[in-house]
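The values are calculated or read from the model by the stated rules, or taken from the named source; none is laboratory data. Everything quoted here is computed from the prediction, not taken from an experiment. Cβ coordinates were reconstructed from backbone atoms using ideal geometry, including for glycine residues, and neighbour counts include every protein chain displayed. We work out accessible area using only protein heavy atoms, side chains counted, and drop any ligands, DNA or RNA first. Shrake-Rupley method; radii C 1.70, N 1.55, O 1.52, S 1.80 Å.
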Amino acid sequence: MPKRTQDQTGPRPTTIELRKVLASRIAGQAQSAGEHPTDIPGLTLFRRTEPSPCYRATYEPSLTVFVQGRKLINLGGTEYLCDGSSFLLSSIDVPVQSQIVEASEEVPLLSMLLRLDMPMVGEVLSREDLPEPEAASHRQGLAVGETTAGLLGACIRLIEILDAPEDIPFLSPLVQREIIYRILRTPQGERLRAIATRGDLSHRTAKAITWLRANYTKPLRMEELAGVSRMGVSTLHHQFRALTAMSPLRYQKQLRLQAARQRMVTDGLDATSAAYEVGYESVSQFSREYSRFFGQPPMRDVKALRDGRVAPVNAAWL
């Protein structure tokens with residue numbers, strides 16, 4: 001009988017070792033504090049060197065992998081704590097409250113965000129040999145899980161492609177497919193699987209969310225939104241709340257207020273012009289809701305942003 005030779009590759013790296021490697025790769029590409037877009041479409045690297053106040057953010061379908069630091073995210077009163085062993089999966093567009101709670105010059109928060117290509121997710125799901133994930137009862141559009149060796153290894157390979165720009169067009173999609181596969185194998189991937197599966201109620205609700213994001217300036221008619229999702233009004237309300245932790249009306253208001261704030265900051269619009277542009281018919285109503293949402297009146301908030309100060313967050317709106 002032939003003698004079995006010993007595996008020459010040696011023991012596989014542990015998840016702790018892989019996290020250190022990924023942290024080194026991110027730090028090497030993101031050498032200064034801030035947000036660092038890359039040559040790989042949809043991939044952004046982050047280095048944060050100090051804690052932050054609470055601030056408003058919107059997550060699109062994406063995967064964020066953390067390797068250092070800690071970040072707290074609040075969606076509708078549910079808190080998600082992300083640390084160096086975590087990944088955050090967002091399967092829909094959803095507004096959240098976000099806060100960096102642990103970061104320093106010596107040990108910065110390091111993370112990578114990969115925007116998910118939903119057609120690619122559907123392509124991976126169409127394979128008959130894709131194993132079923134573990135069951136998960138979590139229904140919201142955000143989920144936090146523990147990074148696995150397979151996921152970390154794929155993330156390392158994706159960042160390493162940045163050192164060979166000529167390889168990005170060919171290799172990046174291949175590695176991104178593996179990352180999607182690794183996520184779908186986790187319990188948290190069940191949400192992504194449901195939203196990407198045609199006919200599933202979550203998929204129909206995601207269509208309503210996409211439509212609402214594209215048409216937030218229009219008056220909200222629930223019958224029209226239910227028609228887009230091909231669900232009854234009451235079913236849509238239930239599914240919408242399950243995914244976003246808010247009603248369609250509140251979701252629309254948050255979209256309008258975020259858009260108005262952006263226009264005032266970047267384009268110099270006054271509060272009245274911004275209010276009408278995003279769909280408000282009453283400027284006084286806009287000012288009241290803006291103050292409740294961002295913690296202070298529109299122009300004072302915009303001045304604080306321009307001065308580099310962050311306005312307080314009203315958690316009652318979450």
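In Å², what does the accessible area per residue of the chain work out to with a 1.4 Å probe? Please list the in-between numbers first.
Details: 15930 Å² over 318 residues.
On a per-residue basis, the chain sits at 50 Å².
For Arg139 and Lys218, what does the FRET efficiency come to when R0 = 25 Å and r is the distance between their Cβ atoms, rounded to the nearest 0.05? Could the numbers behind the result be given before it?
Values: r = 28 Å, r/R0 = 1.11.
Efficiency for this residue pair is about 0.35.
What's the magnitude of the charge dipole for segment 100-205 around its Cα centre, counting Lys and Arg as +1 and Asp and Glu as -1 at the beta-carbon? Answer in Debye, nearest 20.
Computed about the Cα centre, the dipole is about 620 debye.
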With a cut-off of 8 Å between alpha carbons and a minimum separation of six or more residues, what is the relative contact order of the chain in percent?
16 percent
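What is the calculated FRET efficiency for Glu146 to Phe170, with r their C-beta to C-beta distance and R₀ = 25 Å, to the nearest 0.05?
On the way: r = 31 Å, r/R0 = 1.24.
The calculated FRET efficiency here is 0.20.
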For segment 76-138, the dipole about the Cα centre with charges only on Cβ (Lys and Arg +1, Asp and Glu -1), to the nearest 20 debye, works out at 180 debye
Stretched out fully, how many nm does the piece from Asp267 to Ser126 gain, at 0.36 nm a residue minus the Cα gap?
46.4 nm
Among Val175, Pro165, Ser104, whose Cα sits farthest toward the positive end of the charge dipole of the chain (+1 at Cβ of Lys/Arg, -1 at Cβ of Asp/Glu, about the Cα centre)?
Ser104
Whole Å is fine, so just give me how far the alpha carbon centre of segment 35-70 lies from that of segment 137-158.
15 Å
log₁₀ I(q)/I(0) of the chain at q = 0.16 Å⁻¹, via Debye over equal Cα point scatterers, no solvent, to two decimals?
-1.43
Hey, could you grab the Kirkwood Rh for segment 161-318? Inverse mean 1/r over distinct alpha carbon pairs, Å, one decimal.
18.3 Å
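To the nearest 20 Debye, how big is the dipole of the chain about its Cα centre, given +1 on the beta carbon of each Lys and Arg and -1 on that of each Asp and Glu? Before the final figure, lay out each step's value.
On the way: 39 positive and 35 negative charges, 155 e Å.
Using only the charged Cβ atoms, the result is roughly 740 debye.
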Farthest towards the positive end of the dipole of the chain, among Tyr59, Leu152, Thr15 and with Cβ unit charges of +1 on Lys and Arg and -1 on Asp and Glu, lies the Cα of Tyr59
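Of all accessible surface on the chain at a 1.4 Å probe, what whole percent is carbon and sulfur? Spell out each step's value before the answer.
Numbers: 7860 of 15930 Å².
Summing carbon and sulfur atoms, their accessible area is 49 percent of the total for the chain.
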